[in-house]
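The values are calculated or read from the model by the stated rules, or taken from the named source; none is laboratory data. Everything quoted here is computed from the prediction, not taken from an experiment. Using ideal geometry, Cβ is built from the backbone for each residue, glycine included, and neighbour counts are taken over all protein chains shown.
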Amino acid sequence: MNSNRAFIQPPHLSNEKSLKTLVENRTVYSLNHCELNLFETYESSTLVPLKFNDLVVTSMLRGKKVMHLFDDPSFVYLPGETVVIPSNVEMKIDFPEASKNNPTQCLALAIDQKKITDTLQFLNERYPKEGNDQFWQLNYQNYFFYNNAALATTITKLIKECMSTSITKDVLADLTLQELLIRIIQTQTVKAIEDGLFIDPKNPITDVVAFIRLNLKENFNMKHLSEKACMSTTSFYRFFKKELGMSPIEFVINEKMRCAKQLLQNPTIQINEVCHMSGFEDCNYFIRLFKKHEGITPKQYQLLCVN
């Protein structure tokens, strides 16, 4: 089940003869402002400790881990997912299914703190957010999320830059690091909205999101949504895209898909009922769009939820 995860293109696994260990074998690519670590594990292990001196962006590429982080409950970590961990925080990792035929592969991108500070300062000066006390910043409470397409593409690009032998790789990697930080902040904002944690009354998006969720059967248009935000259509579109990394209409479709998936967890509900209740008028269009988003039909999704 796709669950809206976008997958990073994984690099090739290490040659067996080059492995130094079967648990978290590490390959390192060091650049001016970041360090890319690729970890591979080939046997089942539990509570393997790992800690970095810098903020680290980790993304699963292959296989399955169980993460123990902070004092929160442990969670399963799969491809298509990313975890952002502050500096000097120890994680402990289980590898319940790792084997030579089913290895795990995970990247850990350690980013220099000055690079993060400089990037956030640049964004806040050149592209300030609307309202007082609104800033570009990483949310360390919102550390685990699914990759969207833009985030997965950016991380894939950064892997290639870090592994490149080009003399310009540091320059290109620096530009991609800036993009990565923007994508992470946007993805964290979307997740906060999905989790019902984005309730800043000063942000125009708060009222718009609440309106969309209460009126999924409406035929939304840019003019209507921008009026709810008390902004011009052009300004609202720009603001929304900057905050969430997607257009307002893309967000509406995502919300309808999320509603549909919740409804499909009921094994007795009919697909045409799900279509109507989640705000789609044409059932054939709904089925095509659902398959495009999830990789399977609504009926297949419903059966997977039951099983």
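Pull up the stretch 78-128, narrow it to residues that are of a type in the set (Ser, Thr, Tyr) and in contact (Cβ under 8 Å) with a residue 40 or more places away in the chain, then point me to the one that is surrounded by the most Cβ atoms within 10 Å (Cβ to Cβ). Steps first, answer last, please.
In the first step, residues of the stretch 78-128 are kept if they are of a type in the set (Ser, Thr, Tyr); the result is 82, 87, 99, 104, 117, 119, 127.
Add one more test, that the residue is in contact (Cβ under 8 Å) with a residue 40 or more places away in the chain, and what stays is 82, 99, 104, 119, 127.
Working: THR82: 24, SER99: 14, THR104: 26, THR119: 20, TYR127: 10.
Among those that are of a type in the set (Ser, Thr, Tyr) and in contact (Cβ under 8 Å) with a residue 40 or more places away in the chain, it is THR104.
Within the stretch 280-300, the residues that satisfy the criterion of being surrounded by 15 or more Cβ atoms within 10 Å (Cβ to Cβ) and aromatic (Phe, Trp, Tyr) are PHE280, PHE286, PHE290. Within the stretch 214-233, how many residues turn out to be of a type in the set (Ser, Thr, Tyr) and not in a helix (DSSP H, G or I)? Selection size over the stretch 214-233: 1.
For TYR146, indicate whether it is exposed (fewer than 15 other Cβ atoms within 10 Å of the Cβ) and in contact (Cβ under 8 Å) with a residue 12 or more places away in the chain. Reasoning before the result, please.
Values: exposed (fewer than 15 other Cβ atoms within 10 Å of the Cβ): no; in contact (Cβ under 8 Å) with a residue 12 or more places away in the chain: yes.
Judged against the criteria, TYR146 is not a match.
Filtering ASN101, ASN88 for residues that are assigned to a loop (DSSP other than H, G, I, E, B), over 23 Å from the mean Cα position of the chain (by Cα) and more than 29 Å from THR168 (Cα to Cα) leaves a single hit, ASN101.
In the same structural domain as ALA149 (by TED's automatic domain parsing), crowded, with 20+ Cβ neighbours inside 10 Å, part of a strand (DSSP E or B) and out of contact with any Gly (no Cβ under 8 Å at 6 or more places or on another chain), is that true of LEU36? Steps first, please.
Numbers: in the same structural domain as ALA149 (by TED's automatic domain parsing): yes; crowded, with 20+ Cβ neighbours inside 10 Å: yes; part of a strand (DSSP E or B): yes; out of contact with any Gly (no Cβ under 8 Å at 6 or more places or on another chain): yes.
So LEU36 fits the description; yes.
Just one of (1) in contact with a Gly (Cβ under 9 Å, 6 or more places away or on another chain); (2) part of a loop (DSSP other than H, G, I, E, B); (3) of a type in the set (A, V, I, L, M); (4) in the same structural domain as SER164 (by TED's automatic domain parsing) fails for MET60. It is (2). Within the option set PHE236, PHE211, PHE286, PHE290, being in a helix (DSSP H, G or I), under 21 Å from the mean Cα position of the chain (by Cα), of a type in the set (A, V, I, L, M, F, W, C) and outside the structural domain of ALA150 (by TED's automatic domain parsing) holds for one residue only, PHE290.
Check GLU281, GLU273 and return the single one that is in contact with a helix residue (DSSP H, G or I) (Cβ under 9 Å, 6 or more places away or on another chain), part of a loop (DSSP other than H, G, I, E, B), outside the structural domain of ILE182 (by TED's automatic domain parsing) and without any contact (Cβ under 8 Å) to a residue 24 or more places away in the chain. Outline the logic, then answer.
Details: GLU273 fails: part of a loop (DSSP other than H, G, I, E, B).
Unique residue meeting the criteria: GLU281.
Residue check: is ALA173 surrounded by 21 or more Cβ atoms within 10 Å (Cβ to Cβ) and within 29 Å of ASP112 (Cα to Cα)? Here the answer is yes, as ALA173 does meet what is asked.
Among the residues making up the stretch 195-208, those that are part of a helix (DSSP H, G or I), of a type outside the set (D, E, K, R) and at pLDDT below 85 are PRO204, ILE205, THR206.
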